[in-house]
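Remarks on the structure that follows.
The values are calculated or read from the model by the stated rules, or taken from the named source; none is laboratory data. None of the values given here were measured: they were computed from a predicted structure. Cβ placement follows ideal geometry from the backbone for every residue including glycine, while neighbour counts extend to all protein chains displayed. SASA here: full protein model, heavy atoms, side chains in, ligands and nucleic acids out. Shrake-Rupley method; radii C 1.70, N 1.55, O 1.52, S 1.80 Å.
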Amino acid sequence: MKITPYIAVGTVENRIVVVLPLGLERSASIGTLSFLGHQHGNQNTGLWDKDMYHEVTSDQITAFLTGICDQTGADLLKLENVPHTWHGRPHPLVLADATASPSPVFRRTLGGDFEQLFQQGHSKSSRKNLLRKERHLQAAGEYRIRKAETPVEIKRGLDAFLEQRAVRAGESGIPNVFDTPAAQAFLARLLGIAGEVPEHQPRLMELWYLETGGAIRATYLCVDQGGTRFAYSNSIAHDNMLPNSPGLVLIKDIIDQACSDPDLDTIDLGLGEERYKTGWADPVPLCDSLKAVTWKGSVKLAVEKARLRAKATVRNSPVLWPLVRRLRKWKAGLSKAPDQKT
């Protein structure tokens, strides 16, 4: 798949007020303009000047987007996973005929009282069960939860993350977006351990991990920005400690520490409806906006709308989505089975 990147910059009186990272993909001579890297992202917002974000009108944003399509030669504009509401107003990139994205992100205001947050989202029995699992992990010895600080610590944590994600992909059949050298190098740069990253440059991402019994049992990649802790990617070791849910214990501690941080007021657990998220955060709807700017774009628009409707139907079906997950797991099992010789 060849994607041509375009960084769209909007200005007012020579002052930059919005930046949109976009990519143009051509298929069957039809150009589709989407957020750059949307295949691996959770939600897309763009970068905005605060005043412009709150003041921009629908006519202004329509003119801006139309101009981008004209300059790039796009036939179809496809803006997926844009928050319906963001920073106190409907997001300008949610167009008039936008439809709901298949999955929400999970987000919640923290407050300063972790115990209250814990009790609000978890029943008494689930709290006791999670604390019991935490004690079992502690009993294995050498127990600690920490944010990796030194290059050696970060490298060890990243190696564990990549290995655990690969095992999970092999067992579940869920595609592993971190299995390429480019993706792994990207994570290393964000974590500040790539060779070309200056030592004094602050890390753009943090790696948290839970270690017990001499091994890292769970990891979480987090970013703290604008008062929000984004906890988007995690991994769990599929070993004898798995029944004690090290990933759940780790995220509990990460949220506990976020509650006590005066610079943080929100937790964002990212895209996808996993059961553990509902105890900590609320679903926040995302939207998909599609705009055809040529007749070829209109043809592609009909196809894309049908695809997104089908995806949303499957993802939100209590029957179809579990079936998809079982089929993925079955397929993964087949791929790992040894060749049968006759």
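Some values worked out for this structure:
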read-out	value
Correct choice for log10 I(q)/I(0) by the Debye sum over Cα atoms at q = 0.08, 0.12, 0.15 Å⁻¹ that was computed from the model, options (i) -0.51, -0.96, -1.18; (ii) -0.46, -1.03, -1.48; (iii) -0.40, -0.89, -1.29	(ii)
Cα centroid of the range 4-82 to Cα centroid of the range 94-127, whole Å	28
Simple label model, 7 Å out from Cα along Cβ direction - Thr266 to Thr4, nm	3.5
The chain: most fluctuating residue of Trp280, Trp208, Trp48 per GNM, C-alpha cutoff 10 Å	Trp48
For peptides 161-173, 293-305, sequence by mean Cβ density within 10 Å, most packed first	161-173, 293-305
Under-5 Å amide H pairs with Leu110, H placed in peptide plane, nonlocal only	Thr266, Ile267
Folded to 0 to 90 degrees: helix 295-315 orientation relative to the chain principal axis, Cα	20
Extended-chain gain in nm, criterion 0.36 nm per residue less alpha-carbon gap, Lys128 and Thr66	16.8 nm
Of Glu55, Glu80, Glu211, the one that fluctuates the most in a GNM where the chain has Cα springs shorter than 10 Å	Glu55
Rounded to 10°, Cα long-axis angle of helix 246-259 versus longest principal axis of the chain	70
Which of Leu308, Gly173, Val105, positive extreme of dipole for the chain (C-beta unit charges)	Gly173
At R0 = 41 Å, FRET efficiency that the Cβ-Cβ distance of Glu153 and Trp295 yields, to 0.05	0.15
Residues Glu171 and Asn240, FRET efficiency given R0 of 22 Å [Cβ-Cβ distance, rounded to 0.05]	0.90
Sulfur and carbon atoms: percent of accessible area, the range 239-302 [1.4 Å]	54
Computed [θ] at 222 nm, deg cm²/dmol, the chain (DSSP H ≥ 4; -39,500 (n - 2.57); rounded to nearest 500)	-12000 deg cm²/dmol
Exceeding the 28 Å Cα-Cα cut-off - candidates Lys2/Lys50; Lys50/Lys311; Lys2/Lys291; Lys2/Lys155	Lys2/Lys50; Lys50/Lys311; Lys2/Lys155
Separation of the Arg309 and Ile16 label points, Cα + 7 Å toward Cβ, nm	4.0
Estimated dipole of the chain in Debye, rounded to 20 [Cβ of Lys and Arg +1, of Asp and Glu -1, Cα centre]	1660
Per-residue HN-Hα couplings for the range 99-109 [Karplus 6.51, -1.76, 1.60; θ = phi - 60°; Hz; x = Gly/Pro]	10, 5, 5, x, 9, x, 9, 10, 8, 7, 6
Helix 181-190 axis, angle to the chain major axis (alpha carbon atoms, nearest 10°)	80
Range of Cα positions in the range 95-245 per principal axis (Å), largest first	54, 48, 36
Residues with amide H under 5 Å from that of Arg217, placed H, sequence gap 5 or more	Leu210, Glu211, Thr212
Distance between modelled label sites at Asp256 and Ala182, nm, 7 Å Cα→Cβ extension	4.1
Relative contact order [Cα under 8 Å, 6+ residues apart], the chain, whole percent	24
Listed residues Asp113, Asp268, Asp75, most fluctuating in the chain (Gaussian network, C-alpha, under 10 Å)	Asp113
For Ser101, residues with placed amide H under 5 Å, excluding near neighbours	Leu286, Cys287, Asp288
Nearby aspartates and glutamates by direct alpha-carbon distance to Lys252 (threshold 18 angstrom, same-chain neighbours under 8 apart not counted)	Asp113, Glu115, Glu134, Glu206, Glu211, Asp224, Asp261, Asp265, Asp268, Glu273, Glu274, Asp282
